[in-house]
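Asks: After the structure tokens below, expect a handful of questions from me.
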Amino acid sequence: MTNSALLIGWLMDKVMGDPLWLPHPVVYFGKAIAGGEHRLNQGVHRRMKGGVLAVSLILLTFFLTWLIIGDAGFLGTWMASDHPVVTVVRFILSCLLIFFCLAGTTLIKEVRRVFEALDRSLEEGRRQVARIVGRDTSQLDAQEIRQAALETLAENLSDGVIAPLFWYLLLGVPGMMTYKMINTLDSMIGYRTERYREFGTVAARIDDVANYVPARLTALLMILVTGKPQLLTFVWKYGRMHASPNSGYPESALAGILNCQFGGTHTYFGEVIEKPYIGNHSRELNTHDMRLACRVNLWSEIIMVVLVFAIINLL
């Protein structure tokens, strides 16, 4: 049933995205992280306390998911049996969790909304892009808003689609859920600001490891979709120049595809963070660029799903 659960979960994401009425596990991940950070991110030994929080939540996520839908089962031998009710319940839970772990459809919709909002007014564009980026958007101009949205689209193709599918291939649904916890930790406490520099160090390093292969695979898929192998040299040059050991690869792939420039200095939580530029063609971005980027994302996702299906069937 592995392939069936993956197909259903993926199709659910294509049809539904992330409906607001449906409770999402990442929301609860965020509450757990925020609660731990509030209690532990003070006093001395902040790096150690942040590491303990990160590792504890990661292990808890893996084993809890494994106990619920894995071979052991959270109801012991009964859950591990071939009882038809148990089989159906585990299958439904697997489909739902796969659906929750994929964010391709919602991300594309949000990026389109940024460009549409910006067409109406600069302030609307700033408010809309603030929904999907961590930087301060209050002073961004139109070009910076479009750039922020497209950078996020590229980065989150890796974080929100390719990486979850990669970890599903390696460790099943528990691996997929664990990756989402790792990514949520990084997105909440993995910043190099004064508040999180020490506390979020371990979470950020774990995220770097978890995304090492998926980020490079994402860039490769994007290049494959566009049929421009010459961009491998561009990605190799600029991907390594990014402040992040991983984000630069999908971002540089998209910058090469669009022949534009990403990166630069931005403000996060009141602190100015300098990022190197990716590419050297600082032209104006437009709606055509957004549409092309969305198509690249979608087809990269489809190819990854097909690859996962094929590998699972071969094993």
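The values are calculated or read from the model by the stated rules, or taken from the named source; none is laboratory data. Note that the coordinates shown come from a computational prediction; the quantities given were computed from them, not determined experimentally. Here the Cβ positions follow ideal geometry from the backbone for every residue, glycine too, while neighbour counts run over all protein chains shown. Surface accessibility is based on the protein's heavy atoms, side chains included, excluding ligands, DNA and RNA. Shrake-Rupley method; radii C 1.70, N 1.55, O 1.52, S 1.80 Å.
Asks: Among the numbered criteria (1) assigned to a helix (DSSP H, G or I); (2) open to solvent by less than 10 Å² (accessible area, probe 1.4 Å), which single criterion is violated by Thr193?
Replies: (1)
Asks: Test Ala253 against the criterion of being part of a helix (DSSP H, G or I), closer than 14 Å to Ser300 by Cβ and touching a Phe, Trp or Tyr at 6+ places or on another chain (Cβ under 6 Å), and give yes or no.
Replies: No.
Asks: Working only within the range 16-31, note down all residues that are under 19 Å from the mean Cα position of the chain (by Cα) and either part of a helix (DSSP H, G or I) or among the hydrophobic types (A, V, I, L, M, F, W, C) (or both).
Replies: Met16, Leu20, Pro25, Val26, Val27, Tyr28, Phe29, Gly30, Lys31
Asks: What's the number of the only condition in (1) surrounded by fewer than 17 Cβ atoms within 10 Å (Cβ to Cβ); (2) in contact (Cβ under 8 Å) with a residue 12 or more places away in the chain; (3) farther than 24 Å from Val296 by Cα that Glu124 fails to meet?
Replies: So Glu124 meets the others, but not (2).
Asks: Right, here's the next one. In the set Val235, Val225, which member is open to solvent by 20 Å² or more (accessible area, probe 1.4 Å) and in a helix (DSSP H, G or I)?
Replies: After applying the criteria, what remains is Val225.
Asks: Could you give me the residue pairs with C-beta distances under 9 Å whose first residue belongs to the range 201-229 and is under 16 Å from Glu301 (Cα atoms), whose second residue is assigned to a helix (DSSP H, G or I) and of a type in the set (Lys, Arg) wherever it lies, and which are 6+ apart or on separate chains?
Replies: Pairs found: Val225/Arg295.
This table checks each residue for (1) acidic (Asp, Glu); (2) surrounded by 14 or more Cβ atoms within 10 Å (Cβ to Cβ); (3) out of contact with any helix residue (DSSP H, G or I) (no Cβ under 7 Å at 6 or more places or on another chain).
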site	(1), (2), (3)
Arg205	no, yes, yes
Arg216	no, yes, no
Met241	no, no, no
Ala253	no, yes, no
Asp289	yes, yes, no
Cys294	no, yes, no
Ala310	no, no, yes
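Asks: Okay, moving on. Which residue is nearest to Ile312 (Cα to Cα), if the candidates are limited to the range 32-51 and must be assigned to a loop (DSSP other than H, G, I, E, B) and open to solvent by 40 Å² or more (accessible area, probe 1.4 Å)?
Replies: Filtering first and then ranking leaves His45.
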